[in-house]
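J.: Here's a structure for you.
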Amino acid sequence: MSRSAQSAVCAVYSGTFDPLTLGHEDAIRRAARMFDRVIIAVAVAHHKKTLFSLDQRVALAQAALADCPNVQALPFDGLIVEFVRAHHAQVIVRGLRSVTDYDYETQMSGMNRHLAPEVDTVFLHTSAAVQHISSTLVREIAKLGGDVSGLVSPPVLNALRSQLAAQN
Ligand code: COA
């Protein structure tokens with residue numbers, strides 16, 4: 001049964017995505033089956049020196065999920081709950097890879113609930129096959145000439161190759 005536009009549920013999946021990995025994709029694709037709309041909120045990330053620019057990270061997220069019509073990638077700065085409100089979303093989706101993620105995520109979801117009680121955080125337990133992936137390790141392996149083809153999708157792999165070639 002299709003839900004009416006009025007009751008459509010929009011979820012936001014946020015991160016730096018430098019770059020987007022198959023671990024992120026796993027969570028996004030599963031969220032896209034669960035919610036009417038998913039927005040990948042790509043953080044400006046003042047706290048990190050990124051390999052890819054904000055525009056590149058947004059474009060790569062969009063390209064990697066091009067086969068999911070209800071997924072859209074947008075840049076964001078500031079508080080995540082304000083982004084959620086501005087886009088009339090109701091849910092924040094987070095991927096949980098390990099107990100280490102759990103502690104940090106519990107604190108963040110509690111703080112976001114304090115700031116915006118109407119917004120719920122939904123945790124997706126990352127699929128076992130992609131649990132070991134992190135963007136930092138992908139960048140490191142790629143920089144050192146290792147094979148990251150099983151860790152990122154083809155658009156990201158191509159971008160990593162050209163970005164690193166341009167830097168060398
Ligand atoms: N698969 C693979 N990797 C994953 C993953 C998954 N399912 N989930 C998380 N990761 C990785 C990320 O790639 C990242 O790796 P990296 O450090 O190597 O880049 C790491 O785990 C941490 O991810 P995350 O917690 O999403 O951090 P982030 O820095 O990418 O993004 C923000 C954090 C931007 C989403 C968060 O700080 C935020 O919402 N900030 C906005 C400001 C705000 O509202 N602050 C108050 C919050 S209470």
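The values are calculated or read from the model by the stated rules, or taken from the named source; none is laboratory data. Remember, it's a predicted structure, so these values are computed and weren't measured experimentally. Cβ: placed from backbone, ideal geometry, glycine included. Neighbour counts: every protein chain shown. Please note that ligands, DNA and RNA were not included when accessible areas were found on the heavy atoms of the full protein model with its side chains. Shrake-Rupley method; radii C 1.70, N 1.55, O 1.52, S 1.80 Å.
J.: Is there a residue being within 20 Å of Cys10 (Cα to Cα), over 13 Å from the mean Cα position of the chain (by Cα), among the charged types (D, E, K, R) and modelled with pLDDT of 95 or more anywhere in segment 55-67?
T.: yes
J.: OK, next. Could you please find all residues in segment 138-157 being within 13 Å of the ligand (Cβ to nearest atom), farther than 19 Å from Ile28 by Cα and in contact with an Asp or Glu (Cβ under 9 Å, 6 or more places away or on another chain)?
T.: Residues satisfying the conditions are Arg139, Ile141.
This table checks each residue for (1) at pLDDT below 95; (2) closer than 21 Å to Ala45 by Cα; (3) open to solvent by 30 Å² or more (accessible area, probe 1.4 Å); (4) near the ligand (Cβ under 9 Å from one of its atoms).
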residue	(1), (2), (3), (4)
His87	no, yes, yes, no
Gln107	no, yes, yes, yes
Thr126	yes, no, no, yes
Ala159	no, yes, no, no
Gln163	yes, yes, yes, no
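J.: Let me ask something else. Go through segment 36-54 and give me each residue that's farther than 15 Å from Pro75 by Cβ and buried (at least 24 other Cβ atoms within 10 Å of the Cβ).
T.: Within segment 36-54, Val38 is the sole residue that qualifies.
J.: Residues of segment 60-70 being open to solvent by less than 60 Å² (accessible area, probe 1.4 Å) and either within 15 Å of the ligand (Cβ to nearest atom) or part of a loop (DSSP other than H, G, I, E, B) (or both), which ones?
T.: Hits for segment 60-70 are Leu60, Ala61, Ala64, Leu65, Cys68, Asn70.
J.: Identify, please: which residue in segment 89-105 is in a helix (DSSP H, G or I) and open to solvent by 70 Å² or more (accessible area, probe 1.4 Å) and is, among those, farthest from His46 (Cα to Cα)?
T.: Val99
J.: Just to be sure, is Phe83 hydrophobic (A, V, I, L, M, F, W, C) and assigned to a strand (DSSP E or B)?
T.: No; evaluated as a whole, the condition is false for this residue.
J.: Shifting gears a bit: Run Arg57 past the list (1) surrounded by fewer than 17 Cβ atoms within 10 Å (Cβ to Cβ); (2) basic (Lys, Arg); (3) within 11 Å of the ligand (Cβ to nearest atom) and report the number of the one that doesn't hold.
T.: Going through (1) surrounded by fewer than 17 Cβ atoms within 10 Å (Cβ to Cβ); (2) basic (Lys, Arg); (3) within 11 Å of the ligand (Cβ to nearest atom) one by one, Arg57 breaks only (1).
J.: Looking at segment 128-157, which of its residues are within 17 Å of the chain's Cα centre (by Cα) and surrounded by 15 or more Cβ atoms within 10 Å (Cβ to Cβ)?
T.: Listed by number, the residues that qualify are Val130, Gln131, Ile133, Ser135, Val138, Arg139, Leu151, Val152, Ser153, Pro155, Val156, Leu157.
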